[in-house]
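Some notes on the structure that comes next.
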Amino acid sequence: MDIRFEAEAKGDAAAVMAGEGPVLLDAGKALDEKTGGALTKAMAAARYKGGANQVLEVLAPTGVEFSRVLVIGLGNLDRADGLSAERWGGQAARRTITSGTETLALMPDAFNKITVAEAGARAALGARLGAYRFDAYRTKLKPEQKPSLNSVLVALEGAAAARARYEKDAGFVDGVFLARDLVSEPPNVLYPGSFANRLKDLEAHGLAVEVLDIDEMKALGMGALLGVGQGSARDSKLVVMKWNGAKKKSRPIALVGKGVTFDTGGISIKPAAGMDEMKGDMGGAAAVSGAMLALALRKAKANVVGIVGLVENMPDGNAQRPGDIVTSASGQTIEVLNTDAEGRLVLADAVWYAQEKCDAAAIVDLATLTGAIIISLGHEYAGLFSNDDEFAGALQAAGLAEGEPVWRLPLAPGYDKMIDSPNADIKNISGKPAAGSITAAHFIKRFVKEGTPWAHLDIAGTAWKPMPSEDPLSPAWATGWGVRILNRLVAQRYEE
Ligand code: BES
Ligand code: MN
Ligand code: ZN
């Protein structure tokens, strides 16, 4: 989609801002005058209140060239922020994408502490996020189901400043789209080898990408990761992406992702209903991949390594059994009591690699790890676990700012004890129906060295969401959750 910033508003449709009341902001007031008060009349007739994301569509008003005018609410103007501007733009794009509109004119205003340049830039980012579709396999779309919108014109005074700000930030949108695409791809198309090939393509953006195969992982002793993939006809891979943007030689921050390209549960097989959603069980790896692309596109001045463990968890004559004891790269032995608690096994070896082979200064891992986190937090917040209060605080702040909020849950010795095994160093489930997300976090923590700041994000509830989506910035099943929080964490904490 073409994005332009200009002084003059032109196009098939226009979007203007309203605050709770409703009150029209300046661009809306001007259009209202030109149309002889059509917007004011329509707002009253529709009981329109200007609530956040609330849309009023006025068709064919006289006195202006637009065939539709969208009044879109920002909610309470004293609380509206940059994300409100993104949602405003996202909602405008969502409402016009298949409407017949080809060019949408966004007419932002300054509000609260947001300048008009920021409002315009953020609205353009939001419009792109809201116009996302995954139509790769839909070959029979009717003309009216196909996107008509191909151009967004942001009309404001000081267009150059808004354009500059947009261009500086826009890389993360491509990162979010990469993550969404990867989560959406069907598991016959996206498996460890094809996932790794897609990541190899990121070298075009200046990332160094290394793909470790089964033999190389065997040589490193990665029995935990390899055990998960041993029942699959698709070979497991570990992919290491490096972005060295810092001038100084400094230890990197490591982003580690769970990349189970399909999770049947293995021999501890899952029920059939809804199993198709387990194509998204590589959402952590997708977020890490998208974040690495975002960092490369904006040439982040930081050293960052992205590590994704790619496996397919299948039942098979050669599959791992409940009761198997595997030896991880760290040397710790693991009793696998449930082959469906596989993500933590993959992360155990990937996290070890981050520390021993990449000398990570800090680690964030992301994983669609537990159904229990959906019981706790639903689809709004991701679960955060950390051994470092400051690091956890930085992630909470980054998440809030980017519309990817996280909620911290506890770690404590009493939970850790629950995964001691009588037969090995550790077992992969507690065997009790209690605190499933916390014991899973403790499992990963056993592979993190004392003194390394580490945070674990359980994104099982946020990597994809029930449809239909009401989120103006996330219209599809796959959300791309994680790209934005990681991108901001690096920007705020690790850049020179
Ligand atoms: N990938 C699943 C977790 C999951 C569930 C993600 C639902 C998204 C939606 C994970 O591998 C898993 O199967 N976890 C088990 C752990 C249990 C066996 C201790 C779970 O949550 O049931
Ligand atoms: Mn599982
Ligand atoms: Zn899984």
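Points worth noting:
- Number of positions in the range 324-357 that are open to solvent by 40 Å² or more (accessible area, probe 1.4 Å), among the aliphatic types (A, V, I, L, M) and assigned to a loop (DSSP other than H, G, I, E, B): 1
- Each residue in the range 281-323 was checked for being under 20 Å from the mean Cα position of the chain (by Cα) and in a loop (DSSP other than H, G, I, E, B), and 5 pass.
- Residue tally, condition aliphatic (A, V, I, L, M), near ligand 1 (Cβ under 10 Å from one of its atoms) and out of contact with any Gly (no Cβ under 6 Å at 6 or more places or on another chain), over the range 330-348: 3
- Unique match (being on the phi < 0 side of the Ramachandran plot and in contact with a Phe, Trp or Tyr (Cβ under 8 Å, 6 or more places away or on another chain)) among D169, D181: D181
- Pairing residues of the range 21-47 that are more than 20 Å from E65 (Cβ to Cβ) with residues that are open to solvent by less than 50 Å² (accessible area, probe 1.4 Å) and among the hydroxyl-bearing types (S, T, Y), at Cβ distances under 9 Å and at least 6 apart in sequence or on separate chains, gives P22/Y48.
- The residue that is farthest from D416 (Cα to Cα), among those in the range 434-471 that are away from ligand 2 (no atom under 16 Å from the Cβ) and among the small types (G, A, S), is S469.
- Number of the condition not met by K449 [criteria: (1) outside any helix (DSSP H, G or I); (2) more than 28 Å from V483 (Cβ to Cβ); (3) not hydrophobic (A, V, I, L, M, F, W, C)]: (2)
- Condition check for K445: surrounded by fewer than 24 Cβ atoms within 10 Å (Cβ to Cβ), of a type outside the set (S, T, N, Q), modelled with pLDDT of 95 or more and touching a strand residue (DSSP E or B) at 6+ places or on another chain (Cβ under 8 Å): yes
- Scanning the range 18-43 for residues that are β-branched (V, I, T) and open to solvent by less than 20 Å² (accessible area, probe 1.4 Å) gives a single hit, T35.
- Residue that is within 25 Å of Y191 (Cα to Cα), of a type in the set (V, I, T) and within 16 Å of ligand 1 (Cβ to nearest atom), where the choices are T327, T368: T368
- Matching residues in the range 446-460 - criterion: being in contact (Cβ under 8 Å) with a residue 12 or more places away in the chain and out of contact with any Phe, Trp or Tyr (no Cβ under 7 Å at 6 or more places or on another chain): R446, K449, T452, W454, L457, D458, A460
- Once the range 225-280 is narrowed to residues that are open to solvent by 10 Å² or more (accessible area, probe 1.4 Å) and in a strand (DSSP E or B), the residue that is nearest to S330 (Cα to Cα) is K237.
- Complete set of residues in the range 405-417 that are under 18 Å from A341 (Cα atoms) and surrounded by 18 or more Cβ atoms within 10 Å (Cβ to Cβ): Y415
- Taking the range 418-442 as the range and being in a loop (DSSP other than H, G, I, E, B), open to solvent by less than 20 Å² (accessible area, probe 1.4 Å) and aliphatic (A, V, I, L, M) as the test, only A424 passes.
- The sole residue among S376, S386 that is at pLDDT 95 or above, open to solvent by less than 40 Å² (accessible area, probe 1.4 Å), away from ligand 3 (no atom under 16 Å from the Cβ) and more than 19 Å from D263 (Cα to Cα) is S386.
- Test: G223 is in contact (Cβ under 8 Å) with a residue 24 or more places away in the chain and under 17 Å from A350 (Cβ atoms): yes
- Each residue in the range 175-198 was checked for being assigned to a helix (DSSP H, G or I) and out of contact with any helix residue (DSSP H, G or I) (no Cβ under 6 Å at 6 or more places or on another chain), and 11 of them qualify.
- Exactly one residue among E470, E402, E495 is modelled with pLDDT under 95 and open to solvent by 20 Å² or more (accessible area, probe 1.4 Å), and that residue is E495.
- Filter pass, T370 being within 16 Å of ligand 3 (Cβ to nearest atom), surrounded by 24 or more Cβ atoms within 10 Å (Cβ to Cβ) and among the polar types (S, T, N, Q): no
- Taking the listed residues G82, G63, the one that is small (G, A, S) and either more than 21 Å from E157 (Cα to Cα) or modelled with pLDDT under 95 (or both) is G63, with no other qualifying.
- Number of positions in the range 383-434 that are in contact (Cβ under 8 Å) with a residue 40 or more places away in the chain and over 19 Å from I363 (Cβ atoms): 11
- Restricting the first member to the range 263-274 and to residues that are farther than 10 Å from E342 by Cα and of a type in the set (G, A, S), and the second to residues that are modelled with pLDDT of 95 or more and near ligand 1 (Cβ under 10 Å from one of its atoms), the beta-carbon pairs closer than 7 Å and six or more apart or on different chains are S268/N338; S268/T339; S268/D340.
- Any hit, the range 465-484, residues being assigned by TED's automatic domain parsing to the domain that holds D281, free of Cβ contacts under 8 Å to residues at least 40 places away in the same chain and hydrophobic (A, V, I, L, M, F, W, C): yes
- Residue pairs whose Cβ atoms lie under 6 Å apart, separated by 6 or more positions or on different chains, with the first residue in the range 123-141 and among the aliphatic types (A, V, I, L, M) and the second crowded, with 21+ Cβ neighbours inside 10 Å and in a loop (DSSP other than H, G, I, E, B), are A123/P108; L129/L473; A131/I97.
The values are calculated or read from the model by the stated rules, or taken from the named source; none is laboratory data. Source: prediction; values computed, not measured. Neighbour counts are summed over all protein chains in view; Cβ atoms, including those assigned to glycine, are modelled from backbone coordinates with ideal geometry. Just the protein is used for accessible areas: all its heavy atoms, side chains included, with ligands, DNA and RNA removed. Shrake-Rupley method; radii C 1.70, N 1.55, O 1.52, S 1.80 Å.
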